[in-house]
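Visitor: This structure is in C-alpha cells; I'll ask about it shortly.
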Amino acid sequence: MYYDPERERLEAIAAGERALNSLRDAQHYLGGARLWGIVDLFGGGGLSGLLKHSDIRKASRSLEQARGDLRSFQQELRDVTSLGGLQIDVGGFLTFADFFFDGVIADYLVQSKIVRARKQVMEAIEQVERILDSLRRIR
C-alpha cells in the first residue's frame, strides 16, 4: 500500500478535531456540574442535586467519547510522526479522566472530582490544540 504523508496528516488532524470536540463537550458539562455542585453544597436542595448528576452523566458520556477519540488520534499520530521529525508526546492522553469514573459518595468529594476533571480536560484540550497546530504547520 502506498504511504501518502499528506493524507496521513489530514487524517490525524480530523481525528484530533474529533477529540477536541469531545473534550469541549466534557468541559461544558463539567462546568455545569461544578456550578450545580456549588449550589448543592450550600443547601440547594433536590433540584440542584438532580441537575448536577445529570451534567455528571453527560460529562461521563463525553469523557468516554473523548477517550475513544483520543485513542484514534493517538493511532493517527503514529502514522504521522515520521514526517519531518515531528515529536509528539501522547503519553497522558488515555489516563487523564480515569479517576472521574471512580465511585463517588459525598457532595464534597463529587465537587472536588468535578474540579479536578475540568482541570485535566482543559489540559488535554491545550495539548490537542498544540499538536493540531504542529500538524497544520507541516507542509
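FYI, it's all coordinate maths here, none of it is from the lab. Keep in mind it's a predicted model, so treat the numbers as computed, not measured. Cβ sites come from the backbone with ideal geometry, for glycine too, and all protein chains shown count toward neighbours.
Visitor: In a shell of Cβ-Cβ distance under 14 Å around Asp79, excluding Asp79 itself, what net charge do Lys and Arg (+1) and Asp and Glu (-1) give?
Guide: -1
Visitor: Same structure again: Given 0.36 nm per residue, what is the gain on full extension from Ile138 to Leu47 after removing their alpha carbon distance, in nm?
Guide: 27.7 nm
Visitor: Here's a follow-up. What ranking do Ile125, Ile138, Ile56 get, fewest neighbouring Cβ atoms within 10 angstrom at the top?
Guide: Ile138, Ile125, Ile56
Visitor: Also, I was wondering about something else. Please enumerate, by chain and number, the aspartates and glutamates with C-alpha under 12 Å from the C-alpha of Lys113, excluding those fewer than 8 residues away in the same chain.
Guide: Asp98, Asp102
Visitor: For the range 60-74, just list the computed ³J(HN,Hα) in residue order, Karplus coefficients 6.51, -1.76 and 1.60, θ = phi - 60°, integers in Hz, with x standing in for Gly and Pro.
Guide: 3J(HN,Hα) across the range 60-74, in whole Hz: 4, 5, 5, 5, 5, 4, 4, 4, x, 5, 5, 4, 4, 4, 4.
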